[in-house]
Amino acid sequence: MAAENFWKGLLALVLLTFNSSPEFNCNFNMSYIKVDANSDFSYHNLPYGVFSTPDNSRHRIGVAIGDHILDLSVVKHLFNGPELAARQDVFDQPTLNDFMGLGYDAWREARRYLQMFLSANESTLRDDVQLRSRAFVDQSFAVMHLPAEIGDYTDFYSSRDHATNVGIMFRGKENALMPNWLRLPVGYHGRASSLVVSGTPIRRPRGQMRPDPARAPVFGPSKQLDIELEMAFFVGPGNRLGEPIPVERAHEYIFGMVLMNDWSARDIQAWEYVPLGPFLGKNFGTTISPWVVPMEALMPFVEANPVQDPEPLPYLLHSDPYTFNINLFVSIKGVGMTKAASICESNFKYMYWTMKQQLAHHTVNGCNVRPGDLLASGTISGPEPKSFGSLLELSWRGSKMIDLGGGETRTFLKDGDEVTITGFCEGLGYRVGFGPCMGKILPALQQ
Amino acid sequence: MAAENFWKGLLALVLLTFNSSPEFNCNFNMSYIKVDANSDFSYHNLPYGVFSTPDNSRHRIGVAIGDHILDLSVVKHLFNGPELAARQDVFDQPTLNDFMGLGYDAWREARRYLQMFLSANESTLRDDVQLRSRAFVDQSFAVMHLPAEIGDYTDFYSSRDHATNVGIMFRGKENALMPNWLRLPVGYHGRASSLVVSGTPIRRPRGQMRPDPARAPVFGPSKQLDIELEMAFFVGPGNRLGEPIPVERAHEYIFGMVLMNDWSARDIQAWEYVPLGPFLGKNFGTTISPWVVPMEALMPFVEANPVQVIQADSCLSEPIELNRSYTACGGMTKAASICESNFKYMYWTMKQQLAHHTVNGCNVRPGDLLASGTISGPEPKSFGSLLELSWRGSKMIDLGGGETRTFLKDGDEVTITGFCEGLGYRVGFGPCMGKILPALQQ
């Protein structure tokens, strides 16, 4: 009996140790909401989004868990900690902006409370049958919306492999990277109005192009419609105009991340972009995934930053790791195809500039960011061809065909193509993922 | 007696004719609010803005007339025409976005009603002592705010002289204009968050620069802080994503105009802008004037469009005189004029810019701001930036009294003003002013 008790006790001790160590927790033991091991929305994720339902068209804030959504507007009264007790109103809003604006301490507290309410060991929500039935919605029943009002959207260019590939294609190996690329995170202002949530159809743009420099420019549908695999982060609290965010504190201003497809029309872009940058070649549509994964859920997957040489100027220097191992996948399903074909497997860890550096650079001149602003990474490409994040690179400027299987090939997108970006961090027996970032191409307007 | 009556009658007829013809109307006869002949805010203007007062911090919509503001939130009940009767709520808003979104017919009706309420011949407001005392505010008592929530701000590059000057300075005469410049109105996305109303101080930005290409880049305060004389228009109703605005109807989407100073840090800009365009060299601050002049007030001053290499549809082009004065702190007691230009120098019209902006399906929304780009004319005195006026710092700009400039100094106060000159009246914009604060120390 004593020996049996000894081994029971040891087993309990071992299990307790596993349970209290985040990397080793298994889903089935954490929440009373069952979550499949392959689900993006494990107990360790708890991303925020904005949704509505057929029976209630009001946009409201939710947290994804398994196949469900926890409607925060229904359970806002449970958030009675020091940070949120007087600000429960943020969970009644149709966007996440106010919650984002509360800042780091409020986000941490919200996460603690969510982990508590969803815990298998906590009865507050688990056993309140009435509340529970109102609070949980099936994801398949919900329609997702843009998670925030985005006042400004900035797109960076921070993948060294991508910038090098593009440079080689257009300028040759010697002048691949511009002199400023390794010195500052190059970026430009994007168009906020055309940011759309996953699932929104994307119409092939028409525009002015000059395929033959010896002839006059022409007008018509883009023939070089492309994708761009990116990730983006939402800004939390803002800064005042004239008051930069120092790089060592930049993480306090970074709320969470989404996937992005920065659809591009290469022919329109090539003709317009000198000298003021991309414009109509980009602003006809940009898709983001609906669930904003908080940085705290990603921190277990942080890695050391890449070595930066030359060393950046002091305002960009930070030593704390802020590079994240996030697996990324791109697939295309064309008309007539029975299943999607994978065209890219990449990783967010390939970024050269970190999000902290991007945010510090963006505000160093006094530019003001606001809660809900979106800052995107730029196309993510790794060193291997299979990890290139655009058709431009995968087809090497149209010089080789991308194989979709079953006889289907691509250089650029065709009408009817459905492009899906997914991504997740792989934990032990669980995932922290983003949901889909999907768009289907509609034919250009006739006229 | 008969002869006297005849002459009286003839005189009355002549005066009536004058009064009904917009170009010949004199201010003193139009409104019971007295307006000076040199005022920007004549009866023929009636621009919209957003203001508050020390006794009432609520942002509300007003119309400028003479030295006064007519508070539309106080008189909204008077707008009972077919377009506005059911939408008087737009005049209760803290921004102009909803009113802008109503569209062309609503704007026309609002203007008719405003002209009526302010007319010397109309008693509705003129004789209602109570209402009148609540409805009119002294401009000197009011604080002006950004007139709209600006979801997106786009900056074009549509002055041929400016683009050519810059091209000559940086690439030489042969390659002055890029091949695309004469084919499409080149533009880029600006930063909406740093748009500020006239009077907001502008802090000299710090940033990364590479003054010497042979040495590593450096970090510090910009040494080439510049101005950019521009004008900008606000979008009215928006279009749906994927549905372009055709150029022949683009004017239905153009609400009105303001002055703009697109402050620029040339050294930061030069180092960062290849290949994705200007970024931190621009987004530390952009100033606009507070009063949005409706297009209908500008139409009397429209002129033929410039000849373009590519034949375009009929478009709008208004001559608007633009003056920029320049005050430095310390020694200068009055501002020195450094530029006199005109909006008529633009090569691309606002209709072309808006049609181009949406031709790929991009969606614009009420309150979006589209700026012209630096306005320069053919004469050096009409160049709209210090970069051009000093020809890249190679010559001094004379401010008088021994003061000279290449680029801005701390404490400099730059004021842009502008107006259309009618016969005995003006349609103007108010000031677009900013004062330079020193860069942060650290």
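Just give me the residues in the stretch A:314-343 being part of a helix (DSSP H, G or I) and farther than 20 Å from A:Ser377 by Cα, in sequence order. Quick ask: steps written out before the conclusion?
Looking only at the stretch A:314-343, we keep the residues that are part of a helix (DSSP H, G or I), and these are A:314-316.
A:Pro314, the sole residue that qualifies.
Of all residues in the stretch B:378-396, those satisfying the criterion of being more than 25 Å from the chain's Cα centre (by Cα) and of a type outside the set (Ser, Thr, Tyr) are B:Trp391, B:Arg392, B:Gly393, B:Lys395, B:Met396. Of all residues in the stretch A:210-268, those being in contact (Cβ under 8 Å) with a residue 40 or more places away in the chain and assigned to a loop (DSSP other than H, G, I, E, B) number 21. The residues on offer are B:Asp92, B:Asp128, and the sole one that is surrounded by fewer than 18 Cβ atoms within 10 Å (Cβ to Cβ), within 30 Å of B:Thr53 (Cβ to Cβ) and touching a helix residue (DSSP H, G or I) at 6+ places or on another chain (Cβ under 6 Å) is B:Asp92.
Set side by side, the residues A:Leu241, A:Leu259 differ, and just one is surrounded by fewer than 24 Cβ atoms within 10 Å (Cβ to Cβ) and not small (Gly, Ala, Ser), which is A:Leu241.
So in the stretch B:185-199, with the set limited to residues that are assigned to a loop (DSSP other than H, G, I, E, B) and out of contact with any Pro (no Cβ under 6 Å at 6 or more places or on another chain), which one is farthest from the other protein chains (Cβ to nearest Cβ)? Among residues in the stretch B:185-199 that are assigned to a loop (DSSP other than H, G, I, E, B) and out of contact with any Pro (no Cβ under 6 Å at 6 or more places or on another chain), the one farthest from the other protein chains (Cβ to nearest Cβ) is B:Gly199. Any residue that is closer than 22 Å to A:Thr287 by Cα and touching a helix residue (DSSP H, G or I) at 6+ places or on another chain (Cβ under 9 Å) - is there at least one of those in the stretch A:67-89? Yes, the stretch A:67-89 has at least one match.
Number of residues in the stretch A:4-40 that are modelled with pLDDT of 60 or more, surrounded by 14 or more Cβ atoms within 10 Å (Cβ to Cβ) and in a loop (DSSP other than H, G, I, E, B) equals 7.
Is it the case, given these coordinates, that B:Ala371 is within 14 Å of chain A (Cβ to nearest Cβ) and on the phi < 0 side of the Ramachandran plot? Can you show your working first?
Working: within 14 Å of chain A (Cβ to nearest Cβ): yes; on the phi < 0 side of the Ramachandran plot: yes.
Yes, satisfied.
Among residues of the stretch B:164-180 that are over 18 Å from B:Glu379 (Cα atoms) and within 12 Å of chain A (Cβ to nearest Cβ), those with a beta-carbon under 6 Å from a residue that is assigned to a loop (DSSP other than H, G, I, E, B) and at pLDDT 90 or above at least six positions away or on a different chain give the pairs B:Met178/A:Val274.
So which of A:Arg203, A:Arg210 ends up being at the interface with chain B (Cβ under 10 Å from one of its Cβ atoms) and closer than 30 Å to A:Pro47 by Cβ? Before you say what the answer is, go through the steps one by one.
On the way: A:Arg210 fails: closer than 30 Å to A:Pro47 by Cβ.
When all the criteria are applied, what remains is A:Arg203.
Hey, can you tell me all the residues within the stretch A:213-230 that are out of contact with any strand residue (DSSP E or B) (no Cβ under 9 Å at 6 or more places or on another chain) and either facing another protein chain (nearest Cβ under 10 Å) or within 27 Å of A:Ser158 (Cα to Cα) (or both)? Within the stretch A:213-230, A:Pro213, A:Ala216 qualify. Among the residues making up the stretch A:309-338, those that are within 14 Å of chain B (Cβ to nearest Cβ), surrounded by 14 or more Cβ atoms within 10 Å (Cβ to Cβ) and in contact with a Leu (Cβ under 9 Å, 6 or more places away or on another chain) are A:Pro312, A:Leu313, A:Leu316.
If you go through the stretch A:162-200 one residue at a time, how many are among the charged types (D, E, K, R) and crowded, with 19+ Cβ neighbours inside 10 Å?
Of all residues in the stretch A:162-200, those among the charged types (D, E, K, R) come to A:171, A:173-174, A:183, A:191.
Filter once more, keeping what is crowded, with 19+ Cβ neighbours inside 10 Å: A:183, A:191.
So the answer is 2.
In the set A:Leu114, A:Leu70, A:Leu46, A:Leu102, only one residue is touching a Phe, Trp or Tyr at 6+ places or on another chain (Cβ under 7 Å) and not aromatic (Phe, Trp, Tyr); that residue is A:Leu70.
The values are calculated or read from the model by the stated rules, or taken from the named source; none is laboratory data. Bear in mind that the values here come from a model prediction, so they are computed numbers and not experimental data. So basically every Cβ, Gly included, is an ideal-geometry build from the backbone, and we count neighbours across all protein chains shown.
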